[in-house]
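Asks: Here's a structure for you.
The values are calculated or read from the model by the stated rules, or taken from the named source; none is laboratory data. Keep in mind that what you see is a predicted model, and the values were worked out from it rather than measured. Cβ placement follows ideal geometry from the backbone for every residue including glycine, while neighbour counts extend to all protein chains displayed.
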């Protein structure tokens, strides 16, 4: 209720008040300080002439300067791309034939014929790991690395950290719990 009354007084004779404000004379801007005042057309014409004149010594100095700019990040990225391309080409040339493979035609997959040196297929990795697990004296890390053209360090890491087909049966804490019998 109070908002309606306030709106009535606020909007009362609004048009007349607006016309009165618009028809008033506008206030003048404060005068500027002499140091920051803009130069007028009639004052200091000598300054304007010296600014617009060519200064020959400065112009010759400017013409003798030559600036060539390159982006160091782009140059480094281009060099790295070129280096990786060279490494990739050299690694693609060094390939070795497969030792073991699975028949994959029935699954619609393409069978590989060779792999890059330093790489293994899953079939070869599983064969190497299982043969090392069955006969560790015969299939040493050095022999596996030599047969599959691998680094010795990578082969040792593979044999240490990737152990397939290892089943561990943990005995139960209570005697009356059911246990799987190893056969």
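Asks: When you check residue 20 against the structure, is it modelled with pLDDT of 75 or more, outside any helix (DSSP H, G or I) and surrounded by 10 or more Cβ atoms within 10 Å (Cβ to Cβ), yes or no?
Replies: On the way: modelled with pLDDT of 75 or more: yes; outside any helix (DSSP H, G or I): no; surrounded by 10 or more Cβ atoms within 10 Å (Cβ to Cβ): yes.
No.
Asks: Let me ask you something else. Of the conditions (1) in a helix (DSSP H, G or I); (2) modelled with pLDDT under 75; (3) farther than 30 Å from residue 114 by Cβ, residue 7 fails just one. Which one is it?
Replies: In the conditions (1) in a helix (DSSP H, G or I); (2) modelled with pLDDT under 75; (3) farther than 30 Å from residue 114 by Cβ, residue 7 misses (2) alone.
Asks: Filter segment 156-183 for residues that are in contact with a helix residue (DSSP H, G or I) (Cβ under 8 Å, 6 or more places away or on another chain), surrounded by 10 or more Cβ atoms within 10 Å (Cβ to Cβ) and in a loop (DSSP other than H, G, I, E, B); which is modelled with the highest pLDDT?
Replies: 162
Asks: Output the residues belonging to segment 70-95 that are more than 29 Å from the chain's Cα centre (by Cα) and either modelled with pLDDT of 75 or more or surrounded by 10 or more Cβ atoms within 10 Å (Cβ to Cβ) (or both).
Replies: Matches in segment 70-95: 94, 95.
Asks: Given the residues 98, 109, which is the only one that is in contact with a strand residue (DSSP E or B) (Cβ under 7 Å, 6 or more places away or on another chain) and at pLDDT below 85?
Replies: On the way: 109 fails: in contact with a strand residue (DSSP E or B) (Cβ under 7 Å, 6 or more places away or on another chain).
Just one listed residue meets the conditions, 98.
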